[in-house]
1. Under 6 Å by Cβ, and 6 or more places apart or on different chains, what pairs join a residue from region B:337-352 that is on the phi < 0 side of the Ramachandran plot with one that is hydrophobic (A, V, I, L, M, F, W, C)?
2. Among the residues of region B:131-145, count how many are facing chain A (nearest Cβ under 9 Å), part of a helix (DSSP H, G or I) and in contact with a strand residue (DSSP E or B) (Cβ under 8 Å, 6 or more places away or on another chain).
3. Go through (1) at pLDDT 80 or above; (2) open to solvent by less than 40 Å² (accessible area, probe 1.4 Å); (3) within 25 Å of B:I31 (Cα to Cα) one by one and return the number of the condition B:I86 breaks.
4. If A:T321 passes every condition in (1) of a type outside the set (F, W, Y); (2) more than 30 Å from A:K84 (Cβ to Cβ); (3) out of contact with any His (no Cβ under 9 Å at 6 or more places or on another chain) but one, which one does it miss?
5. Look at region B:351-363 and say how many of its residues are under 19 Å from the mean Cα position of the chain (by Cα) and surrounded by 15 or more Cβ atoms within 10 Å (Cβ to Cβ).
6. Name the residues in region B:277-305 that are more than 13 Å from chain A (Cβ to nearest Cβ) and under 23 Å from the mean Cα position of the chain (by Cα), would you?
7. Within region A:204-213, which residues are farther than 9 Å from A:T279 by Cβ and buried (at least 23 other Cβ atoms within 10 Å of the Cβ)?
2 protein chains.
Amino acid sequence: MFHVTIRKYQGGKYGRNMEGCIMPEITIKDIAKQCGVGISTVSRAINNHPDINPETKNMIMDVIKATGFVPNNSARNLKRIDAKSIAVLVKGITNPLFSDMIKVIEEETQKKKYSLVLKHVEYYEDEVDVALELVKEKRLRGIIFLGGYFLHSQEKIENLRVPYIFSTIGTAVPENISRVLYSSIAVDDRKESYAMTAHLIGLGHRNIAILSAESEINSIGQLRLEGYKDALSEAGIAFNERLVRQVEDDIEHYSMENGYITAKKLVESGEKFTAVFATADILAVGACRALLEAGMRIPEDVSVAGYDGIDVGKYYNPAITTVRQPVKDMAKTTIKLLFDIIAGRKSYEHIVFPAELIVRESTGTAKG
Amino acid sequence: MFHVTIRKYQGGKYGRNMEGCIMPEITIKDIAKQCGVGISTVSRAINNHPDINPETKNMIMDVIKATGFVPNNSARNLKRIDAKSIAVLVKGITNPLFSDMIKVIEEETQKKKYSLVLKHVEYYEDEVDVALELVKEKRLRGIIFLGGYFLHSQEKIENLRVPYIFSTIGTAVPENISRVLYSSIAVDDRKESYAMTAHLIGLGHRNIAILSAESEINSIGQLRLEGYKDALSEAGIAFNERLVRQVEDDIEHYSMENGYITAKKLVESGEKFTAVFATADILAVGACRALLEAGMRIPEDVSVAGYDGIDVGKYYNPAITTVRQPVKDMAKTTIKLLFDIIAGRKSYEHIVFPAELIVRESTGTAKG
């Protein structure tokens, strides 16, 4: 014989019903599904918005009562006054890659009842200086660096007396600093860039131009350039410096505009090429536009490859072949690691994520 | 007779030279220009990075000494401990429009020595509830709402005891609340949407589908839909409800993916149309992809128009006709107004910016 228990949500990630059985949390999505309406409609019912049919509202409120659902508003997650905070320092905000990461980081930070301080760092600023000043802020418990490159001295880094994680995406790991001093989360840029270049070589390309966004030692841009050289060297193709095109220094490095200008200059240089490897999708979009305007067909006349795996590459015409970084997983791991370090459960960690080569319409066999 | 004075920068936005004459601030850009190098190179010289030619470095340092330039690192702008803060609440972070705005807001906030708290609001959350909790945070001096729609009661709004600005871009101004209680900065969405629809009608289109991201009363989406109806009505074209396509409710409303799915469903519905007006460029990109995949040529078979004026529309293939919002000016005005209110120089203001219709490759005369 068995009997029915009305399940009531009791708070926490997992509630216990009246008999003490652990049960999954009921979410607003579950309510919406059960009512056969959208999440916004459930939200309007809960928040007494006038823009809802009264019958629908009653039906939804009945279901909410029956399930014992407690709206998990972020408002209710923020009861503390003077919450502790963590800071995210972002270099290169125009890269949409970072929006995706920041969103995840913010959500996870909120769950921990911390507030998030966002700080953009201009590409000519020294991010550790910026961080050193931020640390004076008493409530700051940790720092995440997104983007940028690091040539800072160990002494300077040691002055950062809160936990911090270099990287995640788009940040080169400093090699001149003891690895126990910091944490890092990244993909292996040299290896992934090698893979993309090898893919283009496999399609018969020998004159492959590369658009690079950074010229600094140890920068992501340089690591990707090294991977490109590795692949050329392995295939016995001579390295041609004139096919390495640095983006413009005086406008935002990672931007469609910079990809456009840099590719346009490449075309105008008269240098021969059958493929362009743009080391960021956002550059690849601008480059495609410049090549199309020059009367070249993609991929019939020229192949274009990107890096990052942001949305626009998928929806561009043609869709752009890329190296996809697992942005959300990387962001989740970053914030989890930071809180582990803050809580004293870990001291440091270096995690390398695998990326994925995604072949789309913009690459094909070399002409000729 | 006149004599030469060595100009020395003495701090502040304008320095005074030794004779007390006000002179413009010397920036890192000026130094870079004078040295004939990029800003990054000047930065490397200042920060003792190893990746710089020693001669170049000496030359730069000499120029710096001669001009009296003081590096204006954000670090030095942040001397205060426990800085006061302002919060930005963002609904719809995937819209790149907001990245551009947040960047400007952050820069201006930093100049005022305030810190910026960034908070994403999920589309089903009530942003005023989120704001009410944030206000408990003692250091918070003001709030900017980006995105979202407002159906909140005057009582609730009155509880927000810090200055706040509804909107700027992508936020409908609440009509049910006394206008002296809040400030707003926006474009006239109804009027601008009317202009775009009238442009399409002028090209001979009569069956114009519209992709709308919000169905709530007073939302930006609804204002844009009203403008569309105004234009149809003026031209004597019957309104066809089946050509109004709401985006999917359960994925991010303003996203390329949602534009793609919604346009795909439009095509599959069999409803006749010769133009698609996507009420955000980010939706237009996804829509273009769906139409191209369905074998339609743009603009030969179908015209596509967007809204917002973000970069991707300019570099897409084909480049997308749009209504450009003056994002940077709007962001600057927003933050200036907020600080004026905080300082007691103003109590409230409602500013409407004009937008600009930019005709690109994605729209053409109607087929037929």
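The values are calculated or read from the model by the stated rules, or taken from the named source; none is laboratory data. Fair warning: this is a prediction, and the values are worked out from it, not measured in the lab. We place every Cβ from the backbone using ideal geometry, glycine too, and count neighbours over all the protein chains shown. We work out accessible area using only protein heavy atoms, side chains counted, and drop any ligands, DNA or RNA first. Shrake-Rupley method; radii C 1.70, N 1.55, O 1.52, S 1.80 Å.
1. Final answer for the pair search is B:L338/B:I165; B:Y348/B:V180; B:E349/B:L337; B:I351/B:I185.
2. Of the residues in that region, 2 qualify.
3. Exception for B:I86: condition (3).
4. Condition (3) is where A:T321 drops out.
5. Of the residues in region B:351-363, 5 are under 19 Å from the mean Cα position of the chain (by Cα) and surrounded by 15 or more Cβ atoms within 10 Å (Cβ to Cβ).
6. Of everything in region B:277-305, those that are more than 13 Å from chain A (Cβ to nearest Cβ) and under 23 Å from the mean Cα position of the chain (by Cα) turn out to be B:F277, B:T279, B:A280, B:A305.
7. Of everything in region A:204-213, those that are farther than 9 Å from A:T279 by Cβ and buried (at least 23 other Cβ atoms within 10 Å of the Cβ) turn out to be A:H205, A:I208, A:A209.
Each row is one residue, and each column tells you yes or no for (1) at pLDDT below 50; (2) farther than 28 Å from B:K136 by Cα.
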position: A:M1; (1), (2): yes, yes
position: A:G20; (1), (2): yes, yes
position: A:I28; (1), (2): no, no
position: A:M59; (1), (2): no, yes
position: A:G68; (1), (2): no, yes
position: A:N73; (1), (2): yes, no
position: A:S99; (1), (2): no, no
